[in-house]
Amino acid sequence: MIMTRRIAILGGTGAEGSGLAYRWAKAGEQVLIGSRDGARAEETAKQLRERIGGAAQIEGMDNASAAAACDVAVMTVPFSGAAALLKQLKNVWKPGTVVIDTTVPLAATVGGAATRTLGVWQGSAAEQSKELLPPGVSLAAALQNLGAASLAGDGPVECDVLVCSDDQKAKQVASELVGKIPGARALNGGKLENARIVESLTALLIGLNMRYKVHGAGIRFTGLPLK
Ligand SMILES: NC(=O)c1ccc[n+]([C@@H]2O[C@H](COP(=O)([O-])OP(=O)(O)OC[C@H]3O[C@@H](n4cnc5c(N)ncnc54)[C@H](OP(=O)(O)O)[C@@H]3O)[C@@H](O)[C@H]2O)c1
């Protein structure tokens, strides 16, 4: 376990990123909010610090500064901006950084429906991201099915989180961070290529939210040993 890890949340000013930042900072983790605009990141960090109070460790900065300073980076930008951001960060990462990719290639990101995913040549948004990281930086896909509306509150999120990766350390770090969110259960989702299944489930969950007029549809798998 990394004791003094810093978690950068790239695109952490948005709904998903700030929800994760809130949950992890509340659990005592050190969080760096990243944004294309450092001032906007600082504003989000300030709001979260005020909400949590006490010794919440949250700072805001531009995405590149957050990526350079972190041990774990979480991608929470829309699919339409993810590749460009990773290209910009290619020479910024410290070797050994773990990237957790939450990106879903929703058609909505290019003006289509939120209930469909786009075809991605590499197979999934996460596999595309992996291609854009330098050697020595590992990636796990996770949290794509855990909605921002659930993260925004204080209650347990009631969702299983499939963690997919070809790298053991990345899988372990991502699973451990999932376990810091009350109600979330990390499940070993196998290889990174399975991220394509997990990403497409998000489009299905968005459709369920619409049809059942709720905001927090999630997934639970049965028949597995409870932790
Ligand atoms: N929302 C959910 O419930 C949910 C659930 C699971 C997974 N996800 C995934 O999490 C990611 C973020 O979702 P979200 O709903 O939080 O999205 P969002 O609010 O639209 O975007 C998040 C942040 O990304 C930054 N951003 C926007 N466009 C960008 C671009 N072209 N390049 C770089 N940065 C850009 C913005 O921050 P700055 O303007 O400050 O840079 C924005 O605040 C998506 O990939 C989504 O699939 C979301």
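Give the relative contact order (percent, whole number) for the range 1-157; include only Cα pairs under 8 Å separated by 6+ residues. It would help to have the intermediate numbers written out before the result.
On the way: 321 pairs, mean separation 34.0, N = 157.
RCO, the range 1-157: 22 percent.
Note down the net charge around L89, summing +1 for each Lys or Arg and -1 for each Asp or Glu among other residues with Cβ under 14 Å from its Cβ. Write out the running numbers ahead of the final one.
Details: positive: R36, K87, K90, K94, K130; negative: D62, D101, E131.
With Lys, Arg at +1 and Asp, Glu at -1, the net is +2.
For the chain, what number results from the quotient of the Cα radius of gyration and 2.2 N^0.38 Å?
Compactness ratio reported: 0.93.
For the range 1-50, what does the alpha-carbon gyration tensor say about shape, rounded, prolate or oblate, given a ≥ b ≥ c as the root eigenvalues, a/c under 1.5 as rounded, and a/b over b/c as prolate?
Here the range 1-50 falls in the prolate category.
Given A114, L10, L139, which one lies farthest toward the positive end of the charge dipole of the chain, if we put +1 on the Cβ of every Lys and Arg and -1 on the Cβ of every Asp and Glu?
The listed residue farthest towards the positive side: A114.
Over the chain, how many pairs of lysines fall under 14 Å by alpha carbon, counting only those 8 or more apart in sequence or from different chains?
The number of close lysine pairs in the chain is 9.
When a/c reaches 1.5 or more, the comparison of a/b and b/c decides; with that in mind, is the range 109-227 rounded, prolate or oblate per its Cα gyration tensor?
oblate
Using only helices, what value at 222 nm comes out for the chain when you add -39,500 (n - 2.57) per DSSP H run of length 4 or more and divide by the total residues, to the nearest 500 deg cm²/dmol? Don't skip to the end; give the middle numbers.
Numbers: 8 runs with 85 residues, N = 227.
Calculated mean residue ellipticity at 222 nm is -11000 deg cm²/dmol.
Can you give the charge dipole size of the chain about its Cα centre, rounded to the nearest 20 debye, using +1 on the beta carbon of Lys and Arg and -1 on the beta carbon of Asp and Glu?
My answer is approximately 240 debye.
From the gyration tensor of the Cα coordinates in the range 72-156, what semi-axes in whole Å does the equivalent ellipsoid have, largest first, with each one equal to sqrt(5λ)?
Working: eigenvalues 101, 64, 21 Å².
Those come to 22, 18, 10 Å.
Calculate the spin-label point distance for E193 paired with L208, positioning each point 7 Å from the Cα along the beta-carbon direction, and give it in nanometres.
Taking the simple label geometry, L208 and E193 are separated by 2.7 nm.
Report relative contact order for the range 29-103 in percent, whole number only (criteria: Cα-Cα under 8 Å, sequence separation at least 6).
Taking the mean separation of contacting Cα pairs over the length of the range 29-103, I get 31 percent.
Highest mean first, what order results for 77-86, 46-55 on Cβ atoms within 10 Å?
Going from most to least packed, we get 77-86, 46-55.
Each value in this text was obtained by applying a stated rule to the coordinates, not by laboratory testing. The model shown is predicted, which means the values in this text are computed figures rather than measured ones. We place every Cβ from the backbone using ideal geometry, glycine too, and count neighbours over all the protein chains shown.
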